[in-house]
Amino acid sequence: MNKISFVFRNKIQTIDFKESKFTPNSTLLEYIRSNQKTKGTKEGCNEGDCGACTVVLIEKNDNQIKFRAINSCVMFLPSIHGKQILTIEDLGTLNKLHPIQQIFIDEHASQCGFCTPGFIMALFAQKADKINSSKSELVEAVSGNLCRCTGYQPIVNSAQEISKITDLQLFNTFLREDLIDKINKSDTIFINKDIFKFFIPFSLKEALKLKAENKNAILTSGSTDLVLKVTKRKEPIEEIIDISSIQEIQGILETKDEFIIGAGTKIEDIYQFSKENLPALSNMLAYFGAKQIRNRATIGGNIATASPIGDFLPVLFAYKAKIVISGKNERTVDVNNFVTGYRQTILNPDELIKNIIIPKFSPNQIIKSYKISKRLNLDISTVSAGFNLIVDKNNNVSDILLAFGGMAEMTKRAKKTENFMLNKEFNEENIVMASKILLTEFTPISDARSSKEARSIMAKNLLIKFYQETK
Amino acid sequence: MKSQYHESAKYHVTGEAKYIDDLKISPKPLMGFAYTSPIAKGRLKSFDLTKAKKVSGIHAILSYKDIPASNRIGAVKHDEPVLVDDEINYIGQALFLIAAESEHAFLEAQKLIEVEIEEHTPVISITDAKSKGLLLDTTRKIERGNLKDGFKNSDKIIEGKTFSGAQEQWYLETHASVAVPGEGDELKIFCSTQNPNEVQMLTAEVLGIDANEIEVEIRRMGGAFGGKETQSAIFAIWASLLATKTETPVKVRLERHIDQQITGKRHPFETSFKVGFDKEGRIWACEIEFDANGGAFADLSMAILERALFHAENAYFIPNIKILGSVWLTNIPPNTAFRGFGGPQGIFNIEIIIEKIARALKKDVTEIQYINFYGKSERNIAPYGQVIQENHLENIWAKIHKKSDYYNRREEIKKYNIKNKYLKRGIALTPVKFGISFTTAFLNQAGALVHVYADGTVLVNHGGTEMGQGLNTKMQKVAAAEFGIDYEKVKVNATNTAKVPNASATAASTGADINGMAVKNAVDKIKLNIVEVISAHFNSKNNDNKTLAENIIFENNFIIDQKNPTRKIEFNKAMPLVRLSMKSLSSSGFYATPGIKFDKEKGVGTPFFYYAYGMSVTEVEVDLLTGKVEVLRADIIHDVGDSLNKDLDIGQIEGAYVQGLGWAILEDQKWNEKGVNITPSPDTYKIPAINDMPKIFNVELLEDVSFKKNIRGSKAVGEPPFIHGLSAWFAIKDALWAISDYNIEPKLHFPATNEYIIIEAEKILNNNES
């Protein structure tokens, strides 16, 4: 107990928290930078917003190996148990550069160099995960890496060159599956140090038991949001249950009638899946954080935080999704009824989200999602929306759902506007009238992202845009 | 000259490049923190540190009473306290310094500090500061001709106001310093700074020790952009105060949200103008008044304001002109240098004026730009009296029209805009003429120290600092070219005040110019010794047709008598001979830019050694419903003389464009009425990411424009291309004009983020409907 093990620098490293200077609230970045030999991983913002601390996480689940770029600043140190970490120092040395490193030199892709290791690790992970990644996929892989010097052109040029690399061995050679396999990944990890308790259960049953026993414990999976409480607000989190190692709540199952998404499924995996099956979801997830965030964050986590600007809820409203909750008993609720207020949900202290069910929709349903943010990538919604429309043979609205994020203390439907539109013809005149009702339906706030005036217009405009795209 | 890779590139890509926080310091440094003011304006009444000092892991807590000598610092005026001793003037101003073993200990101690603060109402806006008369220094003025006559001769007069916003430098590496005490008063400071000399001098003043006891070193910065020109000093001083108190190394490294909260930004400017012009659009008279938000202390604000005045007319000859400028004190952190240094603010305003003239006359903006450009032999004198030389404006204007296919695309855009109600495209050209030199004349000096070792390798020290711009690479190339040897044989050292004293900040784009000349000067002196020894060496074997010193050249790793080319010796083989002959292979070098002078009282002089020129054309598409802007294409032609390193210069231009674009259309720095920075982290303050750059991005260096007076025919590159990013703002404005078929002028906010675009588009669309 009190120990975690992981693969780093070609060895199994074990941290005994009783002996260590680290606590369960420490981040992976702090651990990496504590070693004089691995200073190449940089702290640029310590909040998952710049990518300078990007490292590669290698996971093995169900015999599948997955390389993922992650922000090491928004991962609790204990969460790396059972995984392998690669940092820039692993890739190449001055005398034996990795081809990606050589390409960065050839393309003049570094100026001050501070962001460079993060870019290289993100690109490395993309290639390791998909060797035939295109230039645009590689660019997407670094859309969460900020560079203030180059203006990005030489990095785009590097992506072009990197896309030509075909030898998977240049990436797989760093994998130490033999070592990953040696680490016990079935007995619950329990770290108890000073005021801190940190649990890593490996089954749903165990997690529910722990949650019942530790009512104040906070559940976390990707922890990309939760870590900020420690690193930015400087508030220690005493009890944490990390549910990211529970296989039962991960993955996507397609049945005849529905898509069942495990609450612990990484958003990046849902995004990749949604590209073919759930276009409105895909459209939203393309701009969800950046790849490093999507690689850690989960759908369950995003919903459970119940943020009024969370990206999932509006689009799940549009899909009329259901949420399966596990506790003493299992229950299923409409996503509509899940959030009860600002960051409040119907979850009881001994419950957690197990699955999210997206019913398959009929071809006559038009489902769309929208996100407005100041910057395209790695930005939080100013206003977001999910719409579901059925128009009958006579071009009358027979069913309509308009859900908005960023317009109230929680994701909310524009019910008055819906009522107005229902059974009316789907035409420009009615949309203009509907949009006027919409303006009266919300009283958004002004904050750093936008004025309330702009938010109101944005919501109205999204309805118009929806009409323009569907008429 | 051939492009060389950045001298640190291989260290960057392997993670081997060391920044301040990566240095191995022994013994392990304590962590230095500040207890900072939560309010923007008030007084420190009393405090008690007793309980806090008792916290385990706390090694020292200092107040202003612990400062050994002076508690006032500043780049120009010493008006800024290191630690608050009475008045509080911005949120984040340091009250106490804490040396701790861990952040945890600091947080515990912070809770136990007892402090009584009296809160006053802060002044945040320029308007408020003006109404209270909070002028930093006298209003600056540049004036030429007769405004009255100029307006009388004009066919039309337009008056208006413009605003440009603050911008956070957002260097990837936040401020960081480590101070390591040595014997007696000795102190070695590793500091991420553009200005090691100022760090040295200010630290000496605060500690009350001699400058020769302090050594400041910086190998490289993780970006700076002006943000580390003056404002790194205070963090080095914090570390030094704590290090001398604890007799242990102390590191101060700011967290991102602290750095953004407490350091200065690009100055927000409010500007009013009145312009008179004729039917063709030629300007006859212009009156411009700048008001800058200086923040709480002087910092470099007056110099920044002066550069705004020097760029108030940009590339245009204005016969009758009056430019006024004032800096106002407010309760936000002291605003400071940021790439362009007031120039962008000045240029933005005149480009609005040009645009307004064009719209008033229903002409293409680029035509109005063209007819107002400075001439080559007449209409070629700046408002402050400097003759504009090497004027490439017409040349670039013609070339950029062709390169960007401006007229055809303009027509295509018009067609596109008619077809699309909610998607509008716009295009704009922005020219820049940028003056190069520190406008504070004495700063235009540089030093170098060059050593040649007996194996033929060269070590260059110079007073400039490497912040990513490739200065060390350029210096390496300059030394190699002057010695005629391969650049691999030249190494450039970390910048160190013990090697080159009294250097100016690496700023004002002058880094390569002045340090390059200083390096050349040092090399020239060493070459005199080499030539003396080697010509004697050649002549020891020849009785007639003696080798003359003036015929010795350094080329392709050889030293050659060019009149008798068989007489040659490899550079590395020659160096032991020089040593045997007991001649020095080391020399300092010095350079002072000639002819720089400016009379601030009269507003007349020659503040610049030369001007750099360039132009950009940007096309954007704006989604009027979501405010989303897509930068479809940008073309740039820019003048860097004979480039010292083509790929590095293009990298500077691309980077500057995107940074300028960030300022103009994305980065919205907001303070609330209490002086709280409400966008203090990358969560809410958005700099451009990879998908914000132009989809098509063509950057070209202007050819055949060697500038012989400067090092190897080159010109500076750092700041001038920042202006190119403004063309994105003007392109958005052009797109919004299209909503009303160019009848209603959009009131476009600066920066033009989606929030403001949506509101303005809504107004114009509603106007169309009614």
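The values are calculated or read from the model by the stated rules, or taken from the named source; none is laboratory data. None of the values given here were measured: they were computed from a predicted structure. So basically every Cβ, Gly included, is an ideal-geometry build from the backbone, and we count neighbours across all protein chains shown.
Does the range A:386-397 contain any residue that is surrounded by fewer than 16 Cβ atoms within 10 Å (Cβ to Cβ) and either hydrophobic (A, V, I, L, M, F, W, C) or in contact (Cβ under 8 Å) with a residue 12 or more places away in the chain (or both)?
yes
Any chance the range B:734-754 includes a residue that's farther than 16 Å from residue B:421 by Cβ, in a helix (DSSP H, G or I) and more than 14 Å from chain A (Cβ to nearest Cβ)?
Within the range B:734-754, one or more residues are farther than 16 Å from residue B:421 by Cβ, in a helix (DSSP H, G or I) and more than 14 Å from chain A (Cβ to nearest Cβ).
Can you pull out the residues in the range A:98-131 that are in a loop (DSSP other than H, G, I, E, B) and more than 7 Å from every other protein chain (Cβ to nearest Cβ)?
Of all residues in the range A:98-131, those in a loop (DSSP other than H, G, I, E, B) come to A:98, A:107-115, A:130-131.
The answer is A:98, A:107, A:109, A:130, A:131.
Can you pull out every residue in the range B:501-529 that is without any contact (Cβ under 8 Å) to a residue 60 or more places away in the chain and among the hydrophobic types (A, V, I, L, M, F, W, C)? Step through it out loud before you land on a result.
Here is the first cut: in the range B:501-529, the ones without any contact (Cβ under 8 Å) to a residue 60 or more places away in the chain are B:527-529.
B:528 - this is the single residue of the range B:501-529 that is without any contact (Cβ under 8 Å) to a residue 60 or more places away in the chain and among the hydrophobic types (A, V, I, L, M, F, W, C).
Among the listed residues A:110, A:20, identify the single one that is out of contact with any helix residue (DSSP H, G or I) (no Cβ under 7 Å at 6 or more places or on another chain) and small (Gly, Ala, Ser).
Working: A:110 fails: out of contact with any helix residue (DSSP H, G or I) (no Cβ under 7 Å at 6 or more places or on another chain).
After ruling out the rest, the residue left standing is A:20.
Which ones in the range A:197-244 are under 27 Å from residue A:54 (Cα atoms) and assigned to a helix (DSSP H, G or I)?
Once the filter is applied, which keeps residues that are under 27 Å from residue A:54 (Cα atoms) and assigned to a helix (DSSP H, G or I), the range A:197-244 yields A:227, A:228, A:229, A:230, A:231.
Select from the range A:135-158 the residues that are facing chain B (nearest Cβ under 8 Å), free of Cβ contacts under 8 Å to residues at least 40 places away in the same chain and over 22 Å from the mean Cα position of the chain (by Cα) and list them in ascending order. Show your work before the answer.
Keep residues of the range A:135-158 that are facing chain B (nearest Cβ under 8 Å), which gives A:139, A:142-156.
Now narrow it down to the ones that are free of Cβ contacts under 8 Å to residues at least 40 places away in the same chain: A:139, A:147-149, A:151-153, A:156.
Once the filter is applied, which keeps residues that are facing chain B (nearest Cβ under 8 Å), free of Cβ contacts under 8 Å to residues at least 40 places away in the same chain and over 22 Å from the mean Cα position of the chain (by Cα), the range A:135-158 yields A:148, A:149, A:151, A:152, A:153, A:156.
Take the residues in the range A:13-37 that are in contact with a strand residue (DSSP E or B) (Cβ under 6 Å, 6 or more places away or on another chain) and part of a loop (DSSP other than H, G, I, E, B), then tell me which one is nearest to the other protein chains (Cβ to nearest Cβ).
Applying the filter and picking the extreme gives A:23.
Taking residue B:290, is it aromatic (Phe, Trp, Tyr) and closer than 30 Å to residue B:671 by Cα? First the steps, then the outcome.
Values: aromatic (Phe, Trp, Tyr): yes; closer than 30 Å to residue B:671 by Cα: yes.
The answer is yes for residue B:290.
Just need a number here: residues in the range B:411-422 that are within 19 Å of residue B:634 (Cα to Cα) and surrounded by fewer than 18 Cβ atoms within 10 Å (Cβ to Cβ).
Residues flagged as within 19 Å of residue B:634 (Cα to Cα) and surrounded by fewer than 18 Cβ atoms within 10 Å (Cβ to Cβ) within the range B:411-422 amount to 4.
From the list B:650, B:637, pick out the single residue that is at pLDDT 95 or above, within 14 Å of chain A (Cβ to nearest Cβ) and within 30 Å of residue A:376 (Cα to Cα). Talk me through it step by step, then tell me what you get.
Details: B:637 fails: within 14 Å of chain A (Cβ to nearest Cβ).
Exactly one of B:650, B:637 is at pLDDT 95 or above, within 14 Å of chain A (Cβ to nearest Cβ) and within 30 Å of residue A:376 (Cα to Cα), namely B:650.
Can you spot a residue in the range A:402-418 that is assigned to a strand (DSSP E or B), without any contact (Cβ under 8 Å) to a residue 40 or more places away in the chain, touching a helix residue (DSSP H, G or I) at 6+ places or on another chain (Cβ under 9 Å) and not assigned by TED's automatic domain parsing to the domain that holds residue A:48? Walk me through how you get there before you give the answer.
Here is the first cut: in the range A:402-418, the residues assigned to a strand (DSSP E or B) are A:402-405, A:412-413.
If we keep only those that are without any contact (Cβ under 8 Å) to a residue 40 or more places away in the chain too, we end up with A:412.
Subset that is touching a helix residue (DSSP H, G or I) at 6+ places or on another chain (Cβ under 9 Å): A:412.
Restricting the remaining residues to those that are not assigned by TED's automatic domain parsing to the domain that holds residue A:48 gives A:412.
Within the range A:402-418 (the criterion being assigned to a strand (DSSP E or B), without any contact (Cβ under 8 Å) to a residue 40 or more places away in the chain, touching a helix residue (DSSP H, G or I) at 6+ places or on another chain (Cβ under 9 Å) and not assigned by TED's automatic domain parsing to the domain that holds residue A:48), the answer is yes, since at least one residue qualifies.
Residue B:21 fails exactly one of the following numbered conditions: (1) within 12 Å of chain A (Cβ to nearest Cβ); (2) surrounded by 24 or more Cβ atoms within 10 Å (Cβ to Cβ). What is the number of that condition?
Looking at each condition in turn, residue B:21 falls short on (2).
Return the residue satisfying two criteria in turn: it lies in the range B:532-573 and is under 17 Å from residue B:450 (Cβ atoms) and touching a Phe, Trp or Tyr at 6+ places or on another chain (Cβ under 9 Å), and of such residues it is surrounded by the fewest Cβ atoms within 10 Å (Cβ to Cβ).
B:554
Anything in the range A:447-467 that is at the interface with chain B (Cβ under 7 Å from one of its Cβ atoms) and of a type in the set (D, E, K, R)? List them, or say none.
A:449, A:453, A:465
Given the criterion within 14 Å of another protein chain (Cβ to nearest Cβ) and of a type outside the set (D, E, K, R), identify the matching residue among B:167, B:93. I'd like the intermediate steps shown before the answer.
On the way: B:93 fails: within 14 Å of another protein chain (Cβ to nearest Cβ).
After ruling out the rest, the residue left standing is B:167.
Tell me whether the range A:142-163 contains one or more residues that are under 22 Å from residue A:60 (Cα atoms) and outside any strand (DSSP E or B).
So the first thing to find is which residues in the range A:142-163 are under 22 Å from residue A:60 (Cα atoms), and the list is none.
No, every residue in the range A:142-163 fails to be under 22 Å from residue A:60 (Cα atoms) and outside any strand (DSSP E or B).
In the range B:1-17, what count of residues is obtained for those that are more than 7 Å from chain A (Cβ to nearest Cβ) and closer than 30 Å to residue B:246 by Cβ?
0
Can you name every residue in the range A:345-359 that is surrounded by fewer than 19 Cβ atoms within 10 Å (Cβ to Cβ) and touching a residue at least 60 places away in the same chain (Cβ under 8 Å)?
The answer is A:349, A:350, A:359.
Here is a check on your reading of the model: is residue B:44 assigned to a strand (DSSP E or B) and surrounded by 18 or more Cβ atoms within 10 Å (Cβ to Cβ)?
Details: assigned to a strand (DSSP E or B): yes; surrounded by 18 or more Cβ atoms within 10 Å (Cβ to Cβ): yes.
When the stated conditions are applied, residue B:44 passes them.
Sort out which residues of the range A:245-295 are in contact with a strand residue (DSSP E or B) (Cβ under 6 Å, 6 or more places away or on another chain), assigned to a loop (DSSP other than H, G, I, E, B) and free of Cβ contacts under 8 Å to residues at least 24 places away in the same chain, and write them in order of number.
A:251 - this is the single residue of the range A:245-295 that is in contact with a strand residue (DSSP E or B) (Cβ under 6 Å, 6 or more places away or on another chain), assigned to a loop (DSSP other than H, G, I, E, B) and free of Cβ contacts under 8 Å to residues at least 24 places away in the same chain.
Answer with yes or no whether residue B:378 is more than 30 Å from residue B:622 (Cα to Cα) and either touching a residue at least 60 places away in the same chain (Cβ under 8 Å) or buried (at least 17 other Cβ atoms within 10 Å of the Cβ) (or both). Full working, then the answer.
Numbers: more than 30 Å from residue B:622 (Cα to Cα): yes; either touching a residue at least 60 places away in the same chain (Cβ under 8 Å) or buried (at least 17 other Cβ atoms within 10 Å of the Cβ) (or both): no.
Here the answer is no, as residue B:378 does not meet what is asked.
Condition check ((1) on the phi > 0 side of the Ramachandran plot; (2) within 14 Å of another protein chain (Cβ to nearest Cβ); (3) at pLDDT 95 or above; (4) within 23 Å of the chain's Cα centre (by Cα)) across all residues:
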position	(1), (2), (3), (4)
B:665	no, yes, yes, yes
B:668	no, yes, yes, yes
B:677	no, yes, yes, yes
B:680	no, yes, yes, yes
B:683	no, yes, yes, no
B:686	no, yes, yes, yes
B:700	no, yes, yes, yes
B:705	no, no, yes, no
B:726	no, no, yes, yes
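Hey, among the residues in the range B:484-515 that are in contact with a Gly (Cβ under 9 Å, 6 or more places away or on another chain) and assigned to a helix (DSSP H, G or I), which one's farthest from residue B:646 (Cα to Cα)?
Result: B:489.
State whether the residues of the range B:393-405 include one that is in contact (Cβ under 8 Å) with a residue 60 or more places away in the chain, touching a Cys at 6+ places or on another chain (Cβ under 9 Å) and in a helix (DSSP H, G or I).
no
Take residue B:627 and tell me if it is of a type outside the set (Lys, Arg), assigned to a loop (DSSP other than H, G, I, E, B), modelled with pLDDT of 95 or more and buried (at least 22 other Cβ atoms within 10 Å of the Cβ). If you could, list the steps in order and put the result at the bottom.
Values: of a type outside the set (Lys, Arg): yes; assigned to a loop (DSSP other than H, G, I, E, B): yes; modelled with pLDDT of 95 or more: yes; buried (at least 22 other Cβ atoms within 10 Å of the Cβ): yes.
So residue B:627 passes the test.
Among the numbered criteria (1) touching a strand residue (DSSP E or B) at 6+ places or on another chain (Cβ under 8 Å); (2) touching a residue at least 24 places away in the same chain (Cβ under 8 Å), which single criterion is violated by residue B:4?
That leaves (1) as the condition not met.
Residues that are within 14 Å of chain B (Cβ to nearest Cβ): find the strands (runs of 3 or more DSSP E) completely inside the range A:327-389 holding 3 or more of those. Don't jump to the end; show me each part of the working.
Working: elements: A:330-334, A:339-341, A:352-359, A:365-372.
Filter on the range A:327-389 gives A:365-372.
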